[in-house]
Every structure is written in structure tokens, then in C-alpha cells.
Amino acid sequence: MIVYCYPPPTCFGRRLVLPKMSIRELNEKLSIISRVVVHPKYRTIGLGAKLVKETLAKAGTVYVEMPAVMAKYNPFGEKAGMQKIAEQPPPKQALKVAEILHQLGFNIQLLGSEKYVLNKLQTLSKTEMAVIREAFIKHCHTRFMKYFFPHLLFGHKKVYVEEIKKASLERLARLIKVCGFLMQTKVYLFWRKEKGEVLGC
């Protein structure tokens with residue numbers, strides 16, 4: 001199992017449980033568990049919940065948050081003592097693009113597989129490819145633009161449109177993979193240190 005705790009970025013659901021804080025205060029008081037990975041051989045025996053529970057007390061901060069996709073299907077965070085605060089449904093733009101991809105014969109459950117998406121793109125006609133490009137232009141999302149402009153907080157729509165029009169099949173496959181990621185519903189979990197508890201190192 002791997003549990004990462006580090007200073008927190010902006011996270012949905014946080015405003016529902018915490019007052020507005022400066023970045024410095026957040027770094028001092030809040031940790032985030034960004035990923036929990038358990039080897040397949042050791043799954044279904046409660047190991048994830050046990051290790052998260054032990055990690056919470058050792059995080060060294062008053063609060064710990066965990067945004068997770070799998071928590072919607074496996075409540076290991078709640079079993080570890082965290083509280084489910086909110087769910088983040090897929091953005092409308094991703095849903096619209098996914099609907100068009102479905103109409104073109106894509107299996108929406110496999111959009112996270114770049115190999116599957118690339119193979120599927122190679123079977124499409126120029127007209128169908130134009131439909132996909134137009135879908136990404138019409139239903140633009142910040143994460144789609146971020147793919148082309150990773151170092152900018154916000155991309156430029158005009159340049160984004162040009163990038164979509166000339167994107168190779170490989171780049172479109174990766175963009176569709178981003179759409180597949182956005183299609184996942186995330187759960188926001190939160191833990192607060194009880195008064196009297198001693199923070200770990």
C-alpha cells in the first residue's frame with residue numbers, strides 16, 4: 001500500500017468543512033491522502049482501511065482530506081474514520097463529449113485506456129474524426145485546455161481550437177483519456193483530529 005500526504009492543493013468539498021485559510025495556514029493544518037494503492041493479492045481483507053486509519057493519526061496535521069474515485073464503490077476511508085462530505089459528479093462538458101463518443105461506437109467504460117481509444121480512432125472516417133474535434137471545441141473544459149497548456153493556469157481558447165484541429169490521433173487519444181478521467185465521480189472525505197489526541201511525527 002502507498003499513502004501520500006503532502007501540502008494540499010485546491011480541492012472540492014473543502015469549503016464545506018473548513019473556514020477560508022491562507023495557503024500557509026492550510027499547509028500547516030491540512031494534509032491530503034492523494035492515493036491509496038493496495039497490491040491485488042492483499043485486497044478485500046480491510047488492509048486499506050487499517051493503514052489509512054493508522055496514517056490519519058500520524059499525518060502531523062489537525063485535518064486530513066482525501067478525494068477519491070474508488071471511495072464511491074469501496075468506503076475504506078469511512079471505515080478508517082473519515083467522513084464523507086461530498087461527491088463531485090462529472091462536468092457537463094465531459095458528459096457531452098462522452099455522449100458523442102458513445103454515438104460513434106466508443107465504450108465509455110474504456111476511455112481510460114489510451115490503447116483502446118487509439119485503436120478505435122484509427123477505424124473512424126474523416127467525417128467522424130471531425131465530429132470528435134468539433135465536440136472538444138464546442139464543449140471545452142479547463143482540463144481539456146490544460147492538456148495543451150500544462151504550465152498555464154488557464155489556456156487560450158483560440159489557440160486551443162487550433163491545437164484541436166491539428167492534433168494527431170495520439171494526442172486526441174490522450175485528450176479522450178482525460179475526458180474518461182473526468183467522467184469518474186469523486187468522493188471528498190475529511191478527518192478532523194479530536195481534542196486531546198497527540199499528533200504523530
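The values are calculated or read from the model by the stated rules, or taken from the named source; none is laboratory data. Predicted model only: the values in this text are computed from it and were never measured. For neighbour counting, all protein chains shown are included, and Cβ atoms are generated from backbone atoms with ideal geometry for every residue, glycine included.
What the table below lists for this structure:
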item	result
Any hit, the range 55-77, residues being over 22 Å from the mean Cα position of the chain (by Cα) and hydroxyl-bearing (Ser, Thr, Tyr)	yes
Residue tally, condition among the aromatic types (Phe, Trp, Tyr) and assigned to a helix (DSSP H, G or I), over the range 144-168	4
Per-region count, the range 112-143, residues assigned to a loop (DSSP other than H, G, I, E, B), at pLDDT below 95 and more than 12 Å from Ala173 (Cβ to Cβ)	2
Qualifying position, being over 21 Å from the mean Cα position of the chain (by Cα) and either outside the structural domain of Lys177 (by TED's automatic domain parsing) or more than 17 Å from Val38 (Cα to Cα) (or both), among Leu95, Leu51	Leu51
